[in-house]
Structures are given as C-alpha cells and as structure tokens.
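Student: Once you've had a glance at the structure underneath, I'll fire off some questions.
The values are calculated or read from the model by the stated rules, or taken from the named source; none is laboratory data. Only a predicted model underlies this, so the values are computations on that prediction, with no experimental measurement involved. Backbone-built Cβ (ideal geometry, glycine too); neighbour counts: all protein chains shown. Only protein heavy atoms, including side chains, enter the accessible area calculation; ligands, DNA and RNA are left aside. Shrake-Rupley method; radii C 1.70, N 1.55, O 1.52, S 1.80 Å.
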Amino acid sequence: MKTVYHKADSRGHADHGWLNSYHTFSFAGYQNRERSNFGVLRVLNDDTVSQGMGFGTHPHKNMEIISIPLEGNLEHKDSMGTTAVIRKGEIQVMSAGTGVMHSEYNQNKDEAVKFLQIWVFPREENVEPRYDQKSIKDGEKINCFQQILSPNKNDDGVWIHQDAWFNLANFTKGNGKNYTINKKGNGVYAFILKGSAKVGDRILNEKDGLGIWDTQSFNIEAVEDTEILLMEVPMDLPAYLK
C-alpha cells in the first residue's frame, strides 16, 4: 500500500471576501507541483460562498464536475438550459465535454452555502455535455458505505465518464468497515468531512485527506463519530493528457 497525506492546514487557501476556499490540489493562485492531482482527481475545493454571492458565468471543457453541498443551497444555471438548486443531501454532476458555460449562486439572504467542488478528468475527450442531480439522503445508512457516484448509468447515485466510484459513510465512534477497490489500478482519496478516523495506518482529522493506492483494500475505523467521503479514481491519466 502506498499513501500520501494532506493535513487540513496544508491546503491552499484563498479568501475573496464573498468566497472562502480551501484547495487540496493546485488551483487558481495556489500552485504546488507536488499536489497537482491524485490520479484523475484534479480538483477538491472546500468552498464557502457568502449570502447573495456566487460564481458568474464561466466556461468549462473536458472535465467531470461534481458538487456536494454540505450546508445551505446553491443555484446552478448553464448554457444547456438547466436551472436547478442543489441542497445538502443531494449530489450534482456536470459533464463539460465539448464545452459548457455555467454559473453558481447562493441566493440565500441569511446564510452562507458550503460545498465541495470536485473535478475529475474524463476517460475521453469531447463527450456531449450533460447535467444531472440526485438525492442521496434516502440511501444514507449508519456504519455503511453509501455509493453516490459510479461509471454506470443504472447504479446508485450519479454517473460520470470515468471509472470512478464515490462513497459517503457515517461511522459512529469505534465502528468502521473495510473498503475494497472496485477496479485494478484505481486508488482512493479519503477526505474527512467531520470527526476523525483511522484510515489504513493513519489517524485523519476533520478536512484531512489521504490518498491510498497499490492495494486491494484498506480499513476505516472511527475514532469519534465521523463523516467521510471516499473518492476512488484511476491512478493513470487518460491517453489524451499524456
């Protein structure tokens, strides 16, 4: 088993007033050659958007973009004609493919919105752009993995153009589970949303991240009540990026 550890306070940070963002990997003004990606996982941003503020219309291309609200509501509009609001307990995916324009706003006047913005390189270029969002609240179970993303259209959660599987888990103190890799050559980036847990041989605290690869499985055990996001992705970049 190989691992890479990213402590929460080692992340890049940008405070724009209306946006407070922590970057696990290189993004915008934060550039770190040793932290440009984890396999095809390119961006993991922990964003807080102030009341009535947001990201103006901007372009994306050839990227799978996933948003997971942690608190509050986020309004999305795009050039495909989509207008939607995503809330805690939901997951959103946008395949940018050949190109799409979109905006994201916090329309709430009395609370900030907190969400994870995640980018994954697709396995192929120039797919047809698409948008989807689903509720993941109904599938939530304590002390179990809950799949929220996969490569398969008929699976639980949303799907993307990549051999990736995302799982959420809520473990009560002292409980845990063994995670088995879905596809040979994949690795898992574990990110602690709340609490602390022993992942493999390392204790992770809130907003710490641990990349794990060259193994078939690893164990997770909650040190305290813990919410964790597991992002399994291919470790090899697609051919068009080489």
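Student: Being open to solvent by less than 10 Å² (accessible area, probe 1.4 Å) and in contact with a helix residue (DSSP H, G or I) (Cβ under 9 Å, 6 or more places away or on another chain) is the requirement here; does Gly209 meet it?
Tutor: On the way: open to solvent by less than 10 Å² (accessible area, probe 1.4 Å): yes; in contact with a helix residue (DSSP H, G or I) (Cβ under 9 Å, 6 or more places away or on another chain): yes.
Answer is yes for this residue.
Student: With the checklist (1) at pLDDT 95 or above; (2) closer than 26 Å to Lys207 by Cα; (3) out of contact with any Ser or Thr (no Cβ under 7 Å at 6 or more places or on another chain) in hand, flag the one item His76 doesn't pass.
Tutor: Single failed check for His76: (3).
Student: Would you pick out the residues in segment 164-190 that are surrounded by fewer than 17 Cβ atoms within 10 Å (Cβ to Cβ), of a type outside the set (Lys, Arg) and at negative phi? Full working, then the answer.
Tutor: First, the residues of segment 164-190 that are surrounded by fewer than 17 Cβ atoms within 10 Å (Cβ to Cβ): 172-174, 177-178, 180, 182-185.
Still in the running and of a type outside the set (Lys, Arg): 172, 174, 178, 180, 182, 185.
Thr172, Asn178, Thr180, Asn182 - these are the residues of segment 164-190 that are surrounded by fewer than 17 Cβ atoms within 10 Å (Cβ to Cβ), of a type outside the set (Lys, Arg) and at negative phi.
Student: Asn20 is checked against (1) outside any strand (DSSP E or B); (2) under 24 Å from Leu229 (Cβ atoms); (3) without any contact (Cβ under 8 Å) to a residue 40 or more places away in the chain and fails just one. What number does that condition carry?
Tutor: Against the list (1) outside any strand (DSSP E or B); (2) under 24 Å from Leu229 (Cβ atoms); (3) without any contact (Cβ under 8 Å) to a residue 40 or more places away in the chain, Asn20 comes up short only on (1).
Student: It is to be established whether one or more residues within segment 123-146 are modelled with pLDDT under 95, basic (Lys, Arg) and farther than 20 Å from Asn37 by Cβ.
Tutor: The answer is yes, given that some residue of segment 123-146 is modelled with pLDDT under 95, basic (Lys, Arg) and farther than 20 Å from Asn37 by Cβ.
Student: Looking at segment 79-132 only, could you name the residues that are in contact with a Lys or Arg (Cβ under 7 Å, 6 or more places away or on another chain) and either buried (at least 19 other Cβ atoms within 10 Å of the Cβ) or of a type outside the set (Val, Ile, Thr) (or both)?
Tutor: Gly89, Glu90, Ile91, Ser95, Ala96, Gly99, His102, Ser103, Trp119, Val120, Phe121 - these are the residues of segment 79-132 that are in contact with a Lys or Arg (Cβ under 7 Å, 6 or more places away or on another chain) and either buried (at least 19 other Cβ atoms within 10 Å of the Cβ) or of a type outside the set (Val, Ile, Thr) (or both).
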